[in-house]
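Quick notes on the structure that follows.
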Amino acid sequence: MSIPPTRLCVGHYEEYDPPRDFGWVPTPAVGIYVVPPESFDMEDVDETAGCMLYLGGAEPHQVELVQD
């Protein structure tokens, strides 16, 4: 299963040293909180508007920087 390319805004970034133990292998070393652009407000990031992506874990992610 795959998800089509989706444009998201990064709300915040977390780095885990040592990698975070969530009970799955491999353990993720980085997390980024992403929000759809229409829900993103620089002044007040709504924690319920997006989701956390854990990079370096078992799920493959391809992240590209997009300049508008």
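List of remarks:
- Sub-8 Å Cβ pairs linking a first residue in the range 52-68 that is closer than 14 Å to Thr6 by Cβ and among the hydrophobic types (A, V, I, L, M, F, W, C) to a second residue that is in a loop (DSSP other than H, G, I, E, B) and open to solvent by 100 Å² or more (accessible area, probe 1.4 Å), at least 6 apart or interchain, are Val66/Arg7, ordered by first then second residue.
- Extreme residue, most open to solvent (accessible area, probe 1.4 Å), among residues of the range 13-35 that are in a loop (DSSP other than H, G, I, E, B) and closer than 18 Å to Gln62 by Cβ: Pro26
The values are calculated or read from the model by the stated rules, or taken from the named source; none is laboratory data. The structure displayed is predicted, hence computed values, not measured ones. Counting neighbours? That spans all protein chains shown, and the Cβs are built from the backbone with ideal geometry, glycine included. Areas reflect the complete protein model, heavy atoms only, side chains present, ligands, DNA and RNA absent. Shrake-Rupley method; radii C 1.70, N 1.55, O 1.52, S 1.80 Å.
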